[in-house]
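J.: Right, I'll just put the structure down here and ask away after.
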Amino acid sequence: MTPTITAFAASPDRGRGMARDMRVRWALEEVGRAYEVRLLSFAEMKEAAHLARQPFGQIPTYEDGEVTLFETGAIVLHVAERFGGLLPEGAARGRAVSWMFAAVSTVEPALLELETARFFDAGQPWAEARLPMVHGRVARRLGQLSAHLGGADWLDGGFSAGDLMMVGVLFRFQDALVGFPNLVDYVARGAARPAFQRAFAAQFAVYQASLQA
């Protein structure tokens, strides 16, 4: 059965590849699997049919006739394990999975905190005093990631699902990478991959179509 994923019918990122279905699209493109997309409005995301797939009313979800999954990391891990090509063999496999979890559990939360402090907490009387602390956390995390990457192309040998998830996270927060040129180059390498380009084009086409609706 052809996998079906869910995505925004009108993405709030304006088709810039920042919505999390982008990571799932990219993974499926990397392993050469065709997929279908069920587009949802914000209202439809809160309806019972979608909540049965995703209890928190978010996107993406994934269905392939055998499993129904939610959470981007879980979906990408399933794709990588089922279809091959995104996870190396042996001990390197476990390290690639570790980097997948590091992307969403260690790096992304710090960046999301910065986004919240900048855009959602702005105007609060305590916001300006808090920003240096948040910037410090981001700088520490990105510094650690930059130090590990060094001059390598990818995090642990060849490109893996770990890189896919990490680039997916960093792509959304590229303005935070100033001062870490190897991370800027790392994201550019990921975004230059043909599978990324196909996934990006597919998501952007959805956004363009939403403008005509």
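Coordinate-derived values only; no laboratory data. Not measured: the values here are computed from a predicted model. Methodologically, a virtual Cβ is constructed for each residue, glycine included, from the backbone with ideal geometry; neighbour enumeration extends over all protein chains shown.
J.: Could you tell me how far the Cα centroid of region 70-91 sits from the Cα centroid of region 1-55, in Å?
T.: Distance between centres, Cα-based: 17 Å.
J.: Using the Kyte-Doolittle scale, find the helices of the chain whose mean hydropathy is at least 1.0 and whose Cα atoms extend 24 Å or more along the helix's long axis, counting only whole DSSP H runs.
T.: Passing helices, by number: none.
J.: OK, next. So if I place +1 on the C-beta of Lys and Arg and -1 on the C-beta of Asp and Glu, and nothing else carries charge, what would the dipole magnitude of the chain be about its Cα centre? I want it in debye, nearest 20.
T.: About 260 debye.
J.: Between Glu71 and Leu211, what is the label-to-label distance in nm when each label sits 7 Å out along the Cα-to-Cβ direction?
T.: 3.6 nm
J.: Just from its helices, what would the mean residue ellipticity at 222 nm be for the chain, if runs of 4 or more DSSP H residues each count -39500 (n - 2.57) and the sum is divided by every residue, rounded to the nearest 500 deg cm²/dmol?
T.: It comes out at -16500 deg cm²/dmol, rounded to the nearest 500.
J.: Residue-wise, which Karplus ³J(HN,Hα) couplings in Hz belong to region 55-67, taking 6.51 cos²θ - 1.76 cosθ + 1.60, θ = phi - 60°, and x for glycine or proline?
T.: x, 9, x, 10, 10, x, 10, 9, 9, 9, x, 10, 10
J.: Next up: Springs between alpha-carbon atoms under 10 Å, Gaussian network over the chain: tell me which of Gly151, Gly32, Gly65 tops the mean-square fluctuations.
T.: Maximum fluctuation in the GNM of the chain, among the listed residues, is at Gly65.
J.: Order by neighbour count: Trp26, Trp99, Trp154, fewest other Cβ atoms within 10 Å first, most last.
T.: Trp154, Trp99, Trp26
J.: Say a site is exposed when it is one of the GluC sites (Glu not before Pro), sits in a DSSP loop, and has at most 12 other Cβ atoms within 10 Å; what is then the longest site-free stretch of the chain?
T.: Here the longest segment lacking exposed loop sites spans 90-213.
J.: Once label points are set 7 Å from the Cα along Cα→Cβ at both Phe101 and Arg189, what is their separation, rounded to one decimal in nm?
T.: 2.5 nm
J.: Given the options Pro12, Pro88, Pro60, which has the most mean-square fluctuation in a GNM of the chain, springs set between C-alpha atoms less than 10 angstrom apart?
T.: Pro12
J.: With springs only between Cα atoms under 10 Å, which of Met22, Met100, Met45 fluctuates most in a Gaussian network model of the chain?
T.: Met45
J.: Label the chain by shape, choosing from rounded, prolate and oblate, from the square roots a ≥ b ≥ c of the eigenvalues of the Cα gyration tensor; if a/c is under 1.5 it is rounded, and otherwise prolate applies when a/b is larger than b/c, oblate when it is not.
T.: Oblate, since a/c reaches 1.5 and b/c is not below a/b.
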